[in-house]
Amino acid sequence: MKTIFSLLNSGQNEESGWLLCVCFDSSLQLHRTGSGTDCTQIKSLQPQARSGVYIIQPAGIKSKFKVYCEMLPDGGWTVFQRRSGPTVSFVRKWTDYRNGFGALKQDHWLGLKKVFFLTKNKSKMWTMRVDLWDHEGGTAFAEYKNFRLGNEKAAFKLQVGTYSGNAGDAIRGAYKGIDQNGYGFSTTDRDNDGCSPCIFGDIAESDCSFSEGGGGWWYSKCGSANLNGDYHPTGQHIGWASGLHWLTWRPPAPYSAKATRMMIKSA
Ligand SMILES: [Ca+2]
């Protein structure tokens, strides 16, 4: 990518190994860049850094890539999922979930490979935060310590540690036996879920991605969390198995969130 360095931020210089600029790429889109390995490092080196698109290079990884950084008082968060409407479809196959899709400043999925690159480095610990917005103006969140993903060979297996928050621990599930922690990622063309089949009442279900709207997720049997299903607008947001689920939040009928965000912070 051709980059014109148009403005150099003062305070730090090249010799210190840290450079922040406001840059325009060849399409003249404004983005911010720094020599950070992730949004948390950029924010800690440059406390006044604002939320936006940055180029990062995770430690030990050859490639650089763009991410949206949510710069909050508790640190810089690297966003890897955002939903706010129906425009970007999350009904996608394995390759799209691996590589990412959507627009970073809008709804998007960063890509499992990039999240794996970020969390691969064992010298850092990662916290994953899920934010949920309901259709009545309320919000809720869930945070997980010790988040990381396995490599592609391990189907980007989900690892989460201790939960905190007020949305409930939907990854471990609304009832026993449906924990998604430790499961690989599934799409309609790559089945790594816990059903072969699962029996739900009089229905035998073998493919959670298909039955939950076609989005990819770390389905177990199939589990209580799935924020990559079909987008349901206000008024059509209750009772759909395909919606943006976090079933420990707003029970009992499946409640589809109005907006969601998933992001990670390093320590
Ligand atoms: Ca299956």
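Values quoted throughout were computed directly from the atomic coordinates according to the rules given, and no laboratory measurement underlies them. Nothing here was measured: the structure is a model prediction, and the numbers come from that model. Please note: Cβ atoms are built from the backbone with ideal geometry, for glycine as well, and neighbour counts cover all protein chains shown.
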If the chain between Lys93 and Gln48 were fully stretched, how many nm would it gain, using 0.36 nm times the residue separation less the Cα-Cα distance? 12.4 nm
In a Gaussian network model over the chain where Cα atoms closer than 10 Å are linked, find which of Ile199, Ile61, Ile171 has the largest mean-square fluctuation. Ile199
Stretch Lys105-Ser123 to full length: gain in nm at 0.36 nm per residue minus the Cα-Cα span? 3.6 nm
List the residues whose amide H sits under 5 Å from the amide H of Gly165, counting only those 5 or more places along or on another chain, with H placed 1.01 Å from N in the peptide plane. Glu143
Backbone HN-Hα couplings from phi across the stretch 91-96 [Karplus 6.51/-1.76/1.60, Hz, Gly and Pro as x]: 7, 9, 9, 3, 4, 5
Compute the relative contact order of the stretch 4-266 as a whole-number percentage, counting only Cα pairs closer than 8 Å that sit 6 or more residues apart in sequence. 17
Build a GNM of the chain with springs between Cα atoms under 10 Å: which of Trp94, Trp246, Trp217 gets the top mean-square fluctuation? Trp94
Measure off 7 Å from each Cα along the Cα-to-Cβ vector at Asp202 and Ala59, then give the distance between these two points in nanometres to one decimal. 5.7
222 nm mean residue ellipticity, helices alone, for the chain (DSSP H n ≥ 4; -39,500 (n - 2.57); rounded to 500): -2500 deg cm²/dmol
Taking springs between alpha-carbon atoms closer than 10 angstrom, which of Gly182, Gly36, Gly239 fluctuates most in the Gaussian network model of the chain? Gly239
